[in-house]
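Written out below as structure tokens is the structure these notes cover.
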Amino acid sequence: MSADDTASPTPPPPTPDAPPATAPAATPDLTPELAEALRRAAATPNLVVACDYDGTLAPFTDDPTRAHPAPGAIATLARLAELPRTTVALLSGRNRAALAEVSGATAPVVLVGSHGSEWEGGFDAPLDDDDNALLARLHTELGEIAQSTAGAHVESKPTAAVLHVRPVEDLAARERATAQAMAGPATLDGVFVTQGKNVVEIAVREASKGAAIERLVEQAGAEVAIFVGDDVTDERGFARLRPQDVGIKVGEGETAAGHRVADIPAVVRLLGTLADLRG
Ligand SMILES: O=P(O)(O)OC[C@H]1O[C@H](O[C@H]2O[C@H](CO)[C@@H](O)[C@H](O)[C@H]2O)[C@H](O)[C@@H](O)[C@@H]1O
């Protein structure tokens with residue numbers, strides 16, 4: 001478990017989300033290379049800024065419904081999104097409705113859920129009867145694992161079932177539940193498996209944050225995209241960035257991103273810096 005993967009105490013409910021103090025053009029969080037990349041991105045005619053949510057803008061909690069955004073995070077995204085020719089997106093593994101609810105983000109921030117497959121108009125390919133039957137089976141089998149593991153629970157998404165083990169205090173039980181999911185339902189034909197931070201997500205539709213970033217870039221005609229994320233699922237996004245794009249990994253761990261910041265507050269300051277540079 002990395003330092004950024006430590007469950008923090010449940011934060012208080014959102015308070016009025018005031019932007020942080022105006023940041024200088026470069027802060028101590030930024031390497032000279034990242035500061036320069038932000039300056040270049042800020043000067044581009046059409047810019048996309050896509051941010052992961054959990055672990056990037058919101059600290060982890062045992063209860064996903066209580067993973068509120070860090071102070072200033074959503075206000076700073078909104079400030080960026082109000083700028084001309086600047087598309088700002090929250091790009092999350094959560095389903096879109098849950099993302100909207102927990103983040104409080106609204107248009108013009110674009111919400112893309114279910115690891116990039118769920119847009120404002122819904123899914124490109126709705127589920128058929130076979131998909132629904134498979135999804136029901138996944139819920140049943142993951143539910144059985146959760147029932148025999150104190151603290152585990154199953155999250156329901158439109159195209160996936162997710163086994164959550166973060167609240168499981170017994171680490172051996174946590175690993176056992178994860179292994180059972182990987183050896184059982186994760187091996188069924190027609191499923192797509194994503195292992196995130198203390199979650200095993202098994203979906204009946206393939207999704208990629210990389211494809212979603214490409215779609216945002218195409219829609220905006222963006223010369224440069226910035227993508228910020230912390231989890232293994234975000235690597236599919238970093239891997240598809242173009243040479244001129246800016247990938248920023250939050251926290252420790254291997255990454256295909258070209259840049260890194262330490263933690264969530266550093267992400268909020270970075271977004272503030274970008275808004276100042278582009279505003
Ligand atoms: O792509 P993201 O926005 O990072 O979403 C990834 C998953 O985030 C949520 O799970 C994670 O956060 C929970 C709340 O802090 C935490 O309990 C869990 O251990 C983390 O993996 C969400 O519940 C999942 O559906 C998302 O796929």
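Computed quantities for the displayed model
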read-out	value
Debye, to nearest 20: dipole size of the range 153-259, +1 on Lys, Arg Cβ, -1 on Asp, Glu Cβ	160 debye
Dipole magnitude of the chain, debye to nearest 20 (Cβ charges: Lys/Arg +1, Asp/Glu -1, about Cα centre)	760 debye
Net charge over other residues, Cβ less than 11 angstrom from the Cβ of R96 (K, R count +1; D, E count -1)	-1
Amide H partners (placed H, <5 Å) of V88, local residues excluded	V49, V110
Residue-by-residue Karplus 3J(HN,Hα) for the range 41-47, coefficients 6.51, -1.76, 1.60, Hz, glycine and proline x	5, 5, 8, 6, x, 10, 10
Test item: Cα-centred dipole of the range 129-203, Lys/Arg +1 and Asp/Glu -1 on Cβ, debye	300 debye
For the chain: relative contact order, % (alpha-carbon pairs under 8 angstrom, 6 or more apart)	25 percent
Reachable lysines from K157, criterion Cα separation under 21 angstrom, eight or more residues apart if same chain	K197, K209
Translational diffusion coefficient (Stokes-Einstein; Kirkwood radius from C-alpha pairs) of the chain at 37 °C, 0.692 mPa s, in µm²/s	172 µm²/s
Where labels lie 7 Å past Cα in the beta-carbon direction, separation of R176 and V193 in nm	1.9 nm
Residue order, fewest to most surrounding Cβ atoms within 10 angstrom, among S92, S117, S156	S156, S117, S92
V224 long-range amide H proximity, modeled H, under 5 Å	N46, V48
Neighbourhood net charge (9 Å Cβ-Cβ; Lys/Arg +1, Asp/Glu -1) for V112	+1
Cβ-based charge dipole, the chain, positive-most Cα from N132, S117, A177	S117
Stokes-Einstein D in µm²/s, Kirkwood radius over Cα pairs - the range 169-279 at 4 °C with 1.567 mPa s viscosity	80 µm²/s
Ranked E201, E144, criterion: other C-beta atoms within 10 Å, fewest first	E144, E201
Which of H153, H115, H139, H68 has the fewest Cβ neighbours within 10 Å, and the rest in rising order	H139, H153, H68, H115
Relative contact order for the range 37-155, counting Cα pairs under 8 Å that sit 6 or more residues apart, in percent	19 percent
Share of Cα-Cα pairs in the range 129-203 lying beyond 19 Å, as whole percent	24 percent
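We did not get these values from a lab; they are worked out from the coordinates using the rules stated. Please read all numbers here as calculations on a predicted model, not as lab measurements. Please note: Cβ atoms are built from the backbone with ideal geometry, for glycine as well, and neighbour counts cover all protein chains shown.
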